[in-house]
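The values are calculated or read from the model by the stated rules, or taken from the named source; none is laboratory data. Treat the numbers as computed from the prediction; the structure is a model and nothing was measured. Reconstructed Cβ throughout: ideal geometry from the backbone, glycine too, with neighbour counts over all protein chains shown. Protein only, heavy atoms only, side chains kept; ligands, DNA and RNA dropped before computing areas. Shrake-Rupley method; radii C 1.70, N 1.55, O 1.52, S 1.80 Å.
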Amino acid sequence: MNATPPQSAPAKVLVADDHPLFREAVVLSVRHLDRADFQVIEAGTLDEVCRLAAAMPDLDLLLLDLKMPGMDGLGGLLELRRRFPALPVVIVSATEEPRIIREAIAAGAMAYIPKSLDRSSITKALEHVLAGDIWHPGGDAGQVTNETPMAERMQALTPQQTNILRLMVAGKPNKLIAFE
């Protein structure tokens, strides 16, 4: 009697963007990866992302827009890294400023994919991430890695310090930060 080997569960990818049309484009990029089947879950706000990530601790990848409700720029990324440190996060954003890209990678993002890339290029970037590489436009991952002093300092922050930094990044006044 021939026993068939058990099939592994499909990889779970959470695509988070507040624009449904762009979410659909990212989902198509994921579906074109040269790998096993993917279960794609979608979210449109940071609150939804947190709720889904808490409910599904076996998520394999989060594709995250920097500018969606609740994100506060890199503050949302910092919060996600604090709450879900094992979840690989890829930033997919319309912002292409080199400083923002460096800061996102330093804050723990595995990749920074500009929305201006075509589907084929987005798929190739995701293949690099799934292989364990850090990817960003320009291709020289040696310039920005998770071993930079900034990343080390950010990972050493307590939850309270991370919250304060998130509020600062969001431009909140000192009185509000002290109150929070």
Potential lengthening between Met56 and Ala178 on full extension [0.36 nm per residue; Cα-Cα distance subtracted]: 40.6 nm
Magnitude of the Cβ-charge dipole of the stretch 81-134, K/R +1 and D/E -1, about the Cα centre, nearest 20 debye? 240 debye
Any idea what the dipole of the stretch 16-80 comes to, in debye rounded to 20, about its Cα centre with Lys/Arg Cβ at +1 and Asp/Glu Cβ at -1? 100 debye
Judged on accessible area alone, 1.4 Å probe, highest first, Ser120, Ser93 line up as Ser120, Ser93
Here are some pairs, Lys12/Lys115; Lys12/Lys172; Lys67/Lys115; which of them have Cα atoms lying more than 23 Å apart in this structure? Lys12/Lys172
At what distance in nm do the modelled label points of Leu21 and Glu96 sit from each other, each positioned 7 Å from its Cα along Cα→Cβ? 1.9 nm
